[in-house]
1. If I take every Cα pair under 8 Å that is 6 or more residues apart in region A:566-724, average their sequence separation and divide by the length, what percent do I get for the relative contact order?
2. In 20 Å bins starting at 0, how do the alpha-carbon pair distances of chain A split up by percent?
3. Residue separation times 0.36 nm, minus the C-alpha to C-alpha distance between A:ASN369 and A:ASN480: what's the value?
4. Taking only C-alpha pairs under 8 Å that are 6+ residues apart, what is the relative contact order of region A:3-99 in percent?
5. Is region A:357-476 rounded, prolate or oblate when judged by the Cα gyration tensor, a ≥ b ≥ c being the square roots of its eigenvalues, rounded requiring a/c under 1.5 and prolate requiring a/b larger than b/c?
6. Give, in nm to one decimal, the length gained when the segment between A:LYS22 and A:LYS93 is fully stretched (0.36 nm per residue of separation minus the Cα-Cα distance).
7. Considering amide H positions built from the backbone, and no H for Pro or chain starts, which residues 5 or more places from A:LYS189, or on another chain, come under 5 Å of its amide H?
8. What's the angle, to the nearest 10 degrees (0 to 90), between helix A:544-557's Cα axis and the longest principal axis of chain A?
Amino acid sequence: MAEVYNHREVEEKWQKVWDDEKAFKTSDDYSKPKYYALVEFPYPSGQGLHVGHPRPYTALDIVARKRRMQGYNVLYPMGWDAFGLPTENYAIKNHIHPKIVTENNVVRFKNQLHSLGYSFDWDREINTTDPNYYKWTQWIFLKLFKAGLAYKSEMPINWCTSCKVGLANEEVVNGVCERCGSEVVRKVKSQWMLKITEYADKLIQGLDTVDYVEKVKVSQKNWIGKSTGAEVDFSIKDKEDKLRIYTTRCDTLFGVTYMVVSPEHPIIDKYQAELKNWDEITAYREQAARKSDFERAELAKDKTGVKIDGMTAINPVNGKEIPIFISDYVLMSYGTGAIMAVPAHDERDWDFAKKFNLPIIEVVAGGKNVQEEVYTDVATGTLVNSGFLDGMNVADAKKKMIEFLEEKGIGTAKTNFKLRDWVFSRQRYWGEPIPIVHCEKCGYVPIDESELPLELPEVESYMPTDNGESPIALMTDWVNATCPCCGGPAKRETDTMPQWAGSSWYFLRYTDPTNTEALASKEALEYWMPVDWYNGGMEHTTLHLLYSRFWHKFLYDQKVVPCPEPYAKRTSHGMILGSNGEKMSKSRGNVVNPDDIVRDYGADTLRTYEMFIGAFDLSASWSEDGVKGCRRFLERVWKLQDIMTDGDDYSKDLEIKMHQTIKKVSYDFENLKYNTAIAAMMALINEFYKKNAVTKGEFKTLLTLLNPVAPHITEELWQAVGFEGRVYQTTWPEYDEAKTVESVVEIAVQINGKTKATLNIGKDDPKDEVIAKAKEVIADKLTGTIVKEIYVPGRIVNIVQK
RNA sequence: GCUGGUGUGGCGGAAUGGCAGACGCAUCAGACUCAAAAUCUGACGAGUUCACGCUCGUGCGGGUUCAAGUCCCGCCACCAGCACCA
């Protein structure tokens, strides 16, 4: 009788063995086939790990461990994405330097991860706040700057009128400042921008070459939002100026009954003197300035706007005079900041026209009364009331109209993207300094590469200044510099980079984390890149994933990296919710700390449960009872020692089951179906217990299959039973396809699609024979005329009778 | 409002168009125990029947098919993200 399963003893023992043996150190032997598995590195927050973190880490740990058993040289690294707002705010509140806060949090996180038995190669740990790391983040920025992809632009920031600081979107709650509850307005500030839009097409095209889960591809495509349409100039009555609009529906130009410009549109200020309702316009603009783009969207149900009194436009295709409105549903940041409105065929325009009593002219006929209901179907409609377009379908009309516009010189075909350039500066302390100086004579000048890393200065207070500058701006010693260009006095850029910067290239650094000459050696990059499998949260699909692909593509163009896409495969995991089905959060009181689960049930139980909890890509609710069930499963595995019999082979009656299980587990581990892989192993041990016996060979296979999920207990049993070496060094079991199929199968016999009986047949029995047998079994129920007989081999017989 | 996703027993969830509910939890019954816990064995979608059975059943309404949780059309609810994208 073996001892009872003491998870604490077992887990501590094997974690120490793995550390001592450097069990999961990545080899520098580039002759072996490589496998690079990557999970998004965490932000080391003060709360420590929560139970959502281990889900993706365990999933790819399973893949990494399996790959090692299959003979690959595996890179499965971990690090810290440690710059950013929460740490800075914590530092301000508690008067501890963010560097210290980060160090403490990292220690805590690392201990927690270690206690879960992950096979990370800790020798390759990285930290984005380490100057040796951010030296290369700055180096990439300089490359971007020199390539003309970094530029300065006036951009609005959230400005708290009371705290007098810029706020992140996250810090603005319901339009007021999170800290003080005062009003937040949008204030324009000169910001560093990165021209991600330059790569918009490449970022879309690249998606065809990678293996991402479909919804991630769709999100990226929609976010980039390529659209083809036309820019058209509308004359302003009695003025030189034209109002340029962008439209995807130039076929509907004859249906334009008014125009709308964004409240920020420069044309308004230009003709201020001639506008008769300036006060009304000003009031509306002030109101709009208080809203974020998102709030504008949210409040969109009730359209607002003001008619510009004193300025009208001329529809270029029919010469009609039309009114111009300002409304905040038109954004300055997309297109030209002005639109033509076709209420008959655009939902927002229709709503707006109804509210302001504007005419609705049908130009695409499709059977609906456009006075009652908007008609937006482009597939079946026919052009009407549209002069030379009448009778055409929408697609032809678009082409014809573009020809016409270009011929007359009033418009051109134009591709547009939703994607905007990346606002790259933050008026904050805890980020990478931007390695630029500003010289009165030479303008913005990059510092020399030899001066990198440009280290963050030690400051007394991290509090943003009341004029909206970064706290670093108060450090005159640091700020005053000499211009690398003319040698004259210059001032350093005091804004810092956003948190996204460090995470946009970290996967490159893991391949060669201590290199001082380059962000990584050519050899390391050529061997390891691209990442073979990258898993992360859906919430990072549009920002982090897109930003890092952008940087990678840029570095590829700069010949720094050897491949155009950083990640060959991308999957994403679902969130772990509290036991009440809500998002885990302190305020809801439903947070589960993994430390408690590790202490009470063990890391192996936690790992097993997190994989068994449900479909990997869907969210799942936490259940302590579910944890217990997984613990029970491991106990049952433990107690298999007691019923183990000699024999290296599989027993005859379980041979098929063994081969089926190896096949299923192997397949499921590769396809995000960890829950059914574990279910298959549970079903297998249920078979052992039914027989009250497990052969040595069967046990060995089970331990190997289970090892990636529950590495400690399997290693302990492996040793206890007397198998050689370590499980983690063993070879992944193989199966024989021929032995996964039962020779006798039970099939269902149906009449008109309803199962009436079952029948045992040989798997290769001919159709006629099977149907004859089936008819015998249900003879008493065959009372009508048989019209059809269907046999799906090995599955089902269906007799259709009338 | 837009985009993406999800709806299956008491619960978490399984199901290449082919016997819905694998596996687990909870519950109930039995075994073991002085007893409880643990463990082991069995039952476990709903209605109906003494029973063999029969009928219904995968958010709702239609459709395709010999056969639909799965495919198509139209809805509803919930979750997540968001930059009203012209």
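Each reported figure results from applying straightforward, stated rules to the coordinates on display, with no laboratory input. As the structure is a prediction and not an experimental result, all values here were calculated from the model. With ideal geometry, Cβ positions are generated from the backbone for all residues, glycine too; neighbour counts draw on all protein chains shown.
1. Once divided by the residue count of region A:566-724, the mean separation gives 25 percent.
2. Cα pair-distance distribution for chain A, in percent: 13, 35, 32, 18, 3, 0.
3. Roughly 33.1 nm would be gained on extension.
4. 32 percent
5. Prolate is the answer for region A:357-476, as a/c is 1.5 or above and a/b outweighs b/c.
6. On the way: separation 71, 0.36 × 71 = 25.56 nm, distance 4.04 nm.
Result: 21.5 nm gained on full extension.
7. Those qualifying (amide H under 5 Å, at least 5 residues apart or on another chain) are A:MET155, A:ILE157.
8. Between helix and principal axis, roughly 80 degrees.
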